Amino acid sequence: MIIAKDAALKIIATWLLFALLTSQLFSFLLPDLSNTLNDRGIDHIQRLLYAAQELRPDYQDVIVHVDLNNHSLKSLKNRHPDRTDHAQLIRNLSAMGTSLQMLDFVYAGTTANSADRALVDAVRETDAVAVGMALRIAGSGTVLSGFSDQGESRAPVVPLREAGSAAVNFYRGCTDLLLPFEALASSAAAVGYLTLVPDNDGVFRRLPLLVRCGEGFYPSFTLAAVSRYLGVPPDKIAIEPGQIRLVDALFPGEDRPRELVVPVDAAGRLRIQYVGPWGRMRHYAFADIFLASRDQDAMAIWREELSGKIVLVSDITTGAADVGPIPLDLHFPLSGVHANAVHTILTESFLTASPWPVLLLINAVMLAGMLFFALRFSAIAFTLTTLVMTALYLVATTVFLYASGVMLPLIQPMAMVVIGMFTVHIASSVANARTHAMTETARQLAERDLDIGRSIQSSFLPTNRVCPPGWQVATHFKPARQVSGDFYDLFELGGGRYVAVVVADVCDKGVGAALFMALIRSLIRAFAIQDFNQYCDLRDNPEGCSDTAVLNAITQTNRYLADTHADTGMFATLFIGILEHGTGHLRYVNCGHEPPLVIGHRRVMNRLKPTGPALGLMIDSVFAIGDLTLKRGETILAFTDGLTESESSTGEAFGRQRLSELVGCGEGGAQRLVDRIVHAKANHTSGQTPFDDITIVAVQRENRSNGTAVQVK
């Protein structure tokens, strides 16, 4: 048992409840980040399943591709097909017995009368052709204005009267309409928008099946095609919370119509079950289909190959196709998104999020398991059994996804387990220390438990520190007690172009400060990474984006601490620098922290004074950006006040002046500088018990123009 039996249940249950609330708070405060991380976890599981041949999603060739690719252009003597050629392709596909043709083109505007007439005639004669349109899609909360009625050229809409409040959060799309020319739109069997909306991280996982416009909806290219294929008119499409119902859908080969229920999220988006990368579906060349009418034997072969199938025709020639990432392919022609969406609906291989009662059950089971393990086992056994339980949950998530398409949550339960392990160990250390401090044996037991807490806290510090070529990094970390309120962090931003350097000091010491430290460290990291990805597109390299990102991260962290934890009376000083290591340019925010030293030519050249108050003091605190450029041979030395306030046996402080004198007393790199300071401090205190935590971080730009990275501890 981790904690004495008389206090165990109450203490552990309290801390596990704290872990649950903290993980829920993370999902509530950072929903975009939480959802993105969860999606990426599901993506990883899908890639693992696809790597095993027998576990890949089933592909039923009810839908196939006809691609206008570079090979087709060569076969057509480098002539890009016009609308007359498209008309011939439509007639050929019709003669081959296809059930529906999905043309991934927007035939906007008119061209030569003969070409347009040929295309319209072919579409009308076939009576099984879906064509595309385009529009601007906006979020559910956006107010759209300035659109006008397009008359007969407007695409068909689904009546709003069957939707009620179920569609209140659907996307809107009434502006920037790009429609097929009128004669073609009226002749086509279906018209739907081709516009796609990626997730927050740019990956195309979901497709909005309907967008709101006035008193009705525009259907997506996918939904328009599926409805036509199954014989479902617009007035038999019903929208309900969490689903879109296609009433009286008649599947080929079935005797009676039935209801098809398509699960969607609150925004009306279908989560697509991709069958694999681009090459997984069947693909045929545009030129082969186009030229087949010249050979009746070839037509017979094609009829046997394509009869009864849905054919999606798209242009994927170099430079013509839109390409983007999907969970199983980073460079996926986006016409395949609609093809996979159609396949998902017609095969009813849906991916659905688990309902909230399931999440409640998962949390209850995992909390009960951790409570049981904490009450029954030692600290090491508790950690191992909790990790085994977590591994089993990941296996269950994989099994559910493969067997039923249900996506169990990943991030919130994992965050709860990690925080729960940390807090239970800290709680156990504190409880054991208080309970057994009266005897030497009890003291040793308490120190052992507190050492476990210290080792867990040490895992929060970067083990493989970032150290780009041409730079040296050295650190020193010494807590005054078993756990510390100091911390430092180094991590990459912007794909490795920038390095974030963080040094902070919580106002107190011990376990309370350690928990506050863990919270601040997590907030700074999460907000910095999220805001840097949001504001800094490194392909365009916009000026000032890192300033905006770091200020936003600091402001959000301060606002949360001051608003949520004001009653604790705790605050923290913090220095964060964003170093562009290629140029030596450093942008920083000093939140009431001890001014870091800029060292060069064996002297202190600058002190980076505070640019704002400490974090957590006032909710409306204002922070400013400072900047400088570190030249070759120059060093930035950041530290906490535990260094300068260390006292000798006579009560004399180590002091800033002594520290300034040390930097000019010798040569060498970042590690020698840190070692010199640590040695001088040890001589000054002469074995005195440390009063405060001490953290030192030195980052030096090497003199060599192409030096090798040096990473030291």
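List of remarks:
- Which listed residue is among the acidic types (Asp, Glu) and either farther than 22 Å from residue 335 by Cα or under 21 Å from the mean Cα position of the chain (by Cα) (or both), from 61, 85, 32, 67: 32
- Where helices (runs of 4 or more DSSP H) sit wholly within the stretch 606-713, those with at least 2 residues that are open to solvent by 90 Å² or more (accessible area, probe 1.4 Å), at pLDDT 85 or above and farther than 21 Å from residue 487 by Cβ occupy 656-662, 670-685.
- When residue 508 is tested against (1) open to solvent by 10 Å² or more (accessible area, probe 1.4 Å); (2) outside any loop (DSSP other than H, G, I, E, B), only condition (2) is not met.
- Residues of the stretch 56-73 that turn out to be part of a helix (DSSP H, G or I) and either open to solvent by 60 Å² or more (accessible area, probe 1.4 Å) or within 21 Å of residue 337 (Cα to Cα) (or both), as a count: 2
- Pairs meeting the criteria (first residue in the stretch 589-603 and open to solvent by less than 10 Å² (accessible area, probe 1.4 Å), second residue charged (D, E, K, R) and not in a loop (DSSP other than H, G, I, E, B), beta carbons under 8 Å, at least 6 apart or on different chains) are 593/505; 596/607; 597/607; 598/607.
- Residue list for the stretch 297-333, restricted to those being touching a residue at least 24 places away in the same chain (Cβ under 8 Å) and β-branched (Val, Ile, Thr): 310, 311, 313, 316, 317, 318, 326
Conditions (1) touching a Phe, Trp or Tyr at 6+ places or on another chain (Cβ under 6 Å); (2) open to solvent by less than 60 Å² (accessible area, probe 1.4 Å); (3) assigned to a strand (DSSP E or B); (4) at pLDDT below 90, marked per residue:
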| position | (1), (2), (3), (4) |
| --- | --- |
| 174 | yes, yes, yes, yes |
| 185 | no, yes, no, no |
| 232 | no, yes, no, no |
| 244 | no, yes, yes, no |
| 259 | no, no, yes, no |
| 265 | no, yes, no, no |
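- Index of the failed condition, residue 293 passing every other in (1) surrounded by fewer than 22 Cβ atoms within 10 Å (Cβ to Cβ); (2) under 30 Å from residue 92 (Cα atoms); (3) in contact with a Pro (Cβ under 8 Å, 6 or more places away or on another chain); (4) polar (S, T, N, Q): (3)
- Test: residue in the stretch 114-137 that is modelled with pLDDT under 75 and aliphatic (A, V, I, L, M): no
- Scanning the stretch 558-569 for residues that are surrounded by 22 or more Cβ atoms within 10 Å (Cβ to Cβ) and over 27 Å from the mean Cα position of the chain (by Cα) returns no hits.
- Inter-residue pairs, beta-carbon under 7 Å, first among the hydrophobic types (A, V, I, L, M, F, W, C) and in a helix (DSSP H, G or I) and in the stretch 1-26, second open to solvent by 60 Å² or more (accessible area, probe 1.4 Å) and at pLDDT below 75, 6+ apart: 8/1
- The one condition in (1) at pLDDT 90 or above; (2) in contact with a Cys (Cβ under 9 Å, 6 or more places away or on another chain); (3) open to solvent by 30 Å² or more (accessible area, probe 1.4 Å) that residue 499 fails to fulfil: (3)
- When 130, 118, 87 are screened for being without any contact (Cβ under 8 Å) to a residue 40 or more places away in the chain, within 30 Å of residue 232 (Cα to Cα) and open to solvent by less than 10 Å² (accessible area, probe 1.4 Å), only 87 passes.
The values are calculated or read from the model by the stated rules, or taken from the named source; none is laboratory data. Just so you know, these numbers come straight off a predicted model, no measurement behind them. Counting neighbours? That spans all protein chains shown, and the Cβs are built from the backbone with ideal geometry, glycine included. Calculation scope for accessible area: heavy atoms of the full protein, side chains included, ligands and nucleic acids excluded. Shrake-Rupley method; radii C 1.70, N 1.55, O 1.52, S 1.80 Å.
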